[in-house]
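First the structure, in the form of structure tokens, and then the observations on it.
The values are calculated or read from the model by the stated rules, or taken from the named source; none is laboratory data. Bear in mind that the values here come from a model prediction, so they are computed numbers and not experimental data. Backbone-built Cβ (ideal geometry, glycine too); neighbour counts: all protein chains shown. Note: accessible area is taken over every heavy atom of the protein model, side chains too, but ligands, DNA and RNA are not part of it. Shrake-Rupley method; radii C 1.70, N 1.55, O 1.52, S 1.80 Å.
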Amino acid sequence: MQGIPKSIQFVAEVLPEAAPLRRTKTDETRPLSEFQSEVVQLATVLNGDHFLCRFLDEMGKKMSVKEAHT
């Protein structure tokens with residue numbers, strides 16, 4: 001690489017595996033938490049779908065984790 005002193009070497013570092021945060025099996029059929037519903041609402045605004053927020057607010061209460069993910 002031009003312009004980089006020879007004294008600087010780039011070495012790829014192997015990171016350790018991350019420990020899982022969840023201790024239980026995922027239940028994708030459960031309803032969204034209040035926080036998850038708010039994240040869905042935020043995503044609609046950021047995508048420009050904010051005119052549907054009232055509709056999605058009601059849907060967020062009925063939506064499962066799996067439905068929100070897709």
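Numerical summary
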{"read-out": "In the range 26-39, the residues that are touching an Asp or Glu at 6+ places or on another chain (Cβ under 9 Å) and open to solvent by less than 70 Å² (accessible area, probe 1.4 Å)", "value": "Leu32, Ser37"}
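One line per residue, one yes/no per condition, for (1) at pLDDT 70 or above; (2) of a type in the set (Lys, Arg); (3) in a helix (DSSP H, G or I):
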position	(1), (2), (3)
Phe10	yes, no, no
Ala19	yes, no, no
Glu38	yes, no, yes
Leu42	yes, no, yes
Gly48	yes, no, no
Leu52	no, no, yes
Glu58	no, no, yes
Lys61	no, yes, yes
Lys66	yes, yes, yes
